[in-house]
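Here the structure comes first, spelled out in structure tokens, and everything after it is commentary.
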Amino acid sequence: MIKDAYLFIIPMLGLIGVCLFFGLSVPAVVLLVLTCFVAYFFRNPARTIPPGEHLVVSPADGKVVKVSQIPDVEGEPRGRQNLSIFLNIFDVHVTRSPIKGELERLEYRRGKFKAAFDDEASRVNEQNILTIRGTRIRVVVKQIAGLIARRVICWRTPGNALERGELFGLIRFGSRVDVILPREVRILVKVGERVKGGSSVIGEVI
């Protein structure tokens, strides 16, 4: 369980104590169930990072909902690809670096809170945009808030080094993660597949 959980669990335990003190058993049970769910939501299971510097791992747990080519735009690298992962409320919500490299840029964008499975969420929802520069490629990861997720958190700052599969942040309570990959990466997953952050290989540098 990650430390952010205690911001919710400690107050809830306090409220449970107050309810029990005044003999309010039903509210205490409801709060206990909610506390258990929060602890479950903030879990951080151990993951085995596959070896191979040419591999790109999934930044999050969830279901692949989109794999597409990004239209070429003047001033941007050509041949970029987008892979979107939808995280439901029961998925692990920590996010991990898909490659080893340096966090080159971190941009926070205010936005809406549309349902994260909607393609438009990638464009209009509140999000953190991380640019990670590796030795061979540069990858962009978007932490996107959803209908229930109202907070995107990144624990790293520009200039920090990241290992492949290393934790860098969290999205609270249901969300979406987009990965923008260069054409040098061959995507190895398809729409409908489920992936695990840090341990599932989503692409390889060719």
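The values are calculated or read from the model by the stated rules, or taken from the named source; none is laboratory data. These numbers were taken from a predicted model, which means no experiment stands behind them. Glycine also receives a Cβ, built like all others from the backbone with ideal geometry; neighbour counts cover every protein chain displayed.
I'm trying to understand the selection: among the residues of region 173-187, which are among the hydrophobic types (A, V, I, L, M, F, W, C) and within 19 Å of the chain's Cα centre (by Cα)? Please lay out each step first, then the result.
At the first step, the residues of region 173-187 found to be among the hydrophobic types (A, V, I, L, M, F, W, C) are 173, 177, 179-181, 185, 187.
Within region 173-187, Phe173, Val177, Val179, Ile180, Leu181, Ile187 meet the criteria.
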Given the options Ser200, Ser175, name the one that is in contact with a His (Cβ under 8 Å, 6 or more places away or on another chain) and closer than 22 Å to Gln81 by Cα.
Ser175
Whether any residue in region 66-79 is surrounded by 11 or more Cβ atoms within 10 Å (Cβ to Cβ), in contact (Cβ under 8 Å) with a residue 24 or more places away in the chain and either within 30 Å of Pro11 (Cα to Cα) or touching a helix residue (DSSP H, G or I) at 6+ places or on another chain (Cβ under 7 Å) (or both) is what I want to check.
no
One residue is enough: does region 127-146 have a residue meeting the conditions surrounded by 14 or more Cβ atoms within 10 Å (Cβ to Cβ), among the aliphatic types (A, V, I, L, M) and part of a loop (DSSP other than H, G, I, E, B)?
yes
Which numbered condition Val92 fails, given (1) at pLDDT below 95; (2) within 17 Å of Phe168 (Cα to Cα); (3) part of a strand (DSSP E or B); (4) out of contact with any Leu (no Cβ under 8 Å at 6 or more places or on another chain)
(3)
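Restricting attention to region 1-21, which residues are assigned to a loop (DSSP other than H, G, I, E, B) and either among the basic types (Lys, Arg) or at pLDDT 90 or above (or both)? Reasoning before the result, please.
Here is the first cut: in region 1-21, the residues assigned to a loop (DSSP other than H, G, I, E, B) are 1-2.
Of everything in region 1-21, nothing turns out to be assigned to a loop (DSSP other than H, G, I, E, B) and either among the basic types (Lys, Arg) or at pLDDT 90 or above (or both).
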Inside region 100-150, can you point out the residues that are in contact with a helix residue (DSSP H, G or I) (Cβ under 9 Å, 6 or more places away or on another chain) and among the basic types (Lys, Arg)?
Lys112, Lys114, Lys142
Just to check your reading of the model, which residue among Glu76, Glu107, Glu53 is part of a strand (DSSP E or B) and either in contact with a Ser or Thr (Cβ under 9 Å, 6 or more places away or on another chain) or assigned by TED's automatic domain parsing to the domain that holds Ser199 (or both)?
Glu107
Could you tell me whether region 160-174 includes any residue that is at pLDDT 95 or above and aromatic (Phe, Trp, Tyr)?
yes
If you take the residues of region 136-168 that are among the β-branched types (Val, Ile, Thr) and in contact with a strand residue (DSSP E or B) (Cβ under 7 Å, 6 or more places away or on another chain), which of them is farthest from Ala115 (Cα to Cα)?
Ile137
